[in-house]
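The structure under discussion appears below in the form of structure tokens.
The values are calculated or read from the model by the stated rules, or taken from the named source; none is laboratory data. What you see is a predicted model; the values in this text were computed from it and never measured. Here Cβ is always computed from backbone atoms with ideal geometry, including for glycine, and neighbour counts include all displayed protein chains. Note: areas computed on protein heavy atoms with side chains; ligands, DNA, RNA excluded. Shrake-Rupley method; radii C 1.70, N 1.55, O 1.52, S 1.80 Å.
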Amino acid sequence: MRKQTLANCERFITEELKNLENRILGAEENAVRLEYDLFVELREKLKGQLPRLQRTTQALKALDVLLSMAEVAAERDYVRPSLNADGRYDIENGRHPVVEESIGREKFVPNDTHLDGEHRVMIITGPNMAGKSTYMRQTALIVLMAHMGSFVPASKADISLTDRVFTRIGASDDLFGGQSTFMVEMSEMATILKYATQNSLILLDEVGRGTSTFDGLAIAWAAVEHIASPKCGARTLFATHYHELSELEGSLNGVVNYRITAKEQGDDIVFLRKIVPGGEDRSYGIAVAKLAGLPAALISRARQIMARLEVDDQERGSIGKSILVSPKAKDRQMGLLDEAPMALANEIAELDVVSMTPIEALNKLFELNEKAKRI
Ligand SMILES: Nc1ncnc2c1ncn2[C@@H]1O[C@H](COP(=O)(O)OP(=O)(O)O)[C@@H](O)[C@H]1O
Ligand SMILES: [Mg+2]
């Protein structure tokens, strides 16, 4: 049959070709319909078996979780924790399951955690980047994993049955909710203090930073007192920059000091990542800032300012004691560091600027500048 006449040719078709064309053009549509019919048929069949299927998936889910935990435990050298109901946490060589994977097992420094009725609140100090947050979180994760039925990243772990783990970590701004960072921090604290029991574990990472040093410290101090008191009594890890809180050890029942070690080599800082008993009285902030790559001139200027502030800091060091002892016991003494700025000020006051030549003035300025740097 002739189908079409073109400029210089003719196109023909046969009956068979026409049928073939129809079959090809309808094939996709047929396939889709067939597939859907089969699917509906299968769905109808399965519907009758729904409860059985759901039981199977439940079992598979549980198996999947248990298998993953078993695999991780075997691969990463975890141990089976024991549980107690005595409020005792005894972790030896605990590790952070995620950090150790990301930095490499051999680079991660394991640490112990011991908390019980006598050691309820750990005040943890140490420089920025020392590993305070990591340490606290690894402890919470080990507790959580033990409660899940998992092995834990440690060489030994005896974990107290815990009703809740509370955390106050990081600055999670809720700007859209109309709350400032500090407000978020305080309302989280309020929740923790309201619900924590002596069977709870609390992690407080740097409480009281979103405000001035004094009221921040005051709040942090009062919070430790509250948590350590019998009406709360929760086991607590409290990381802080307020060295003053170390004063609480010995005067407040249940409070113990720990610090994560670092050492200085010249102007640089080396992190040892080991937690040891005792408080830290420095924060090494400038050394860490240097490490982060702040300009050298800025760093040396910061050291100058720091040296001057240290006079105040000496006074701040006694704040802790002044809260504990009587308010008037604290008589400010003029420290060594006060004398140097005074001498410099006197020297400047005595200059006879009017009679100096410009070059003398410049030399003097240079000399004073050198002296000031050393203060
Ligand atoms: N125990 C550890 N062993 C090895 N590296 C660690 C350890 N703890 C922390 N780190 C490393 O140090 C970094 C800073 O730790 P972090 O806990 O955030 O310090 P901090 O809270 O004291 O400022 C982590 O990101 C991690 O890479
Ligand atoms: Mg931290």
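Quickly run through region 266-284 and pick out the residues that are over 22 Å from Leu237 (Cα atoms) and open to solvent by less than 40 Å² (accessible area, probe 1.4 Å).
Restricting attention to region 266-284, the residues satisfying the condition of being over 22 Å from Leu237 (Cα atoms) are 266-270.
Passing the criteria: only Ile269.
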Item checked: Yes/no for Ile91 being within 10 Å of ligand 1 (Cβ to nearest atom), in the same structural domain as Cys232 (by TED's automatic domain parsing) and assigned to a strand (DSSP E or B) -> no
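Does Leu38 fit the bill of being under 51 Å from the mean Cα position of the chain (by Cα) and on the phi < 0 side of the Ramachandran plot?
Values: under 51 Å from the mean Cα position of the chain (by Cα): no; on the phi < 0 side of the Ramachandran plot: yes.
Taking the combined requirement at face value, the residue does not satisfy it.
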Next item on the list: Tell me, yes or no, whether region 198-211 has at least one residue that is open to solvent by 20 Å² or more (accessible area, probe 1.4 Å), modelled with pLDDT of 90 or more and of a type outside the set (Asp, Glu).
Entry: yes
Notebook entry, point to check: Restricting to region 126-145, what's the tally of residues that are open to solvent by 10 Å² or more (accessible area, probe 1.4 Å) and either part of a loop (DSSP other than H, G, I, E, B) or away from ligand 2 (no atom under 16 Å from the Cβ) (or both)?
Noted result: 5
Notebook entry, point to check: Among Gly177, Gly117, Gly170, which is the only one that is open to solvent by 40 Å² or more (accessible area, probe 1.4 Å), in a loop (DSSP other than H, G, I, E, B) and modelled with pLDDT under 95?
Noted result: Gly177
Next item on the list: Give me a count of the residues in region 31-78 that are surrounded by 10 or more Cβ atoms within 10 Å (Cβ to Cβ), of a type in the set (Gly, Ala, Ser) and farther than 22 Å from Lys156 by Cα.
Entry: 3
Next item on the list: Would you be able to tell me the number of residues in region 89-102 that are open to solvent by less than 50 Å² (accessible area, probe 1.4 Å) and within 16 Å of ligand 2 (Cβ to nearest atom)?
Entry: 2
Next item on the list: Assess whether Glu106 counts as being closer than 21 Å to Asn253 by Cβ, modelled with pLDDT under 95 and acidic (Asp, Glu).
Entry: no
Next item on the list: State all residues of region 95-135 that are of a type in the set (A, V, I, L, M, F, W, C) and near ligand 1 (Cβ under 9 Å from one of its atoms); if no residue qualifies, say none.
Entry: Val99, Ile103, Phe108, Val109, Ile124, Met129, Ala130
Margin query: Out of everything in region 212-256 that is open to solvent by 10 Å² or more (accessible area, probe 1.4 Å) and among the hydroxyl-bearing types (Ser, Thr, Tyr), what residue ends up being farthest from Arg168 (Cα to Cα)?
Written below: Ser251
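So that you can scan it fast, the table gives a plain yes or no per residue for (1) over 18 Å from Val256 (Cα atoms); (2) more than 16 Å from ligand 2 (Cβ to nearest atom); (3) in contact with a Ser or Thr (Cβ under 8 Å, 6 or more places away or on another chain); (4) open to solvent by 70 Å² or more (accessible area, probe 1.4 Å):
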{"position": "Asn84", "(1), (2), (3), (4)": "yes, yes, yes, no"}
{"position": "Gly87", "(1), (2), (3), (4)": "no, yes, yes, no"}
{"position": "Glu106", "(1), (2), (3), (4)": "yes, yes, no, yes"}
{"position": "Phe166", "(1), (2), (3), (4)": "yes, yes, yes, no"}
Note to self: Quick check on region 147-157: of everything there that is among the small types (Gly, Ala, Ser) and more than 27 Å from Asn253 (Cβ to Cβ), which residue is surrounded by the most Cβ atoms within 10 Å (Cβ to Cβ)?
What the structure shows: Ala154
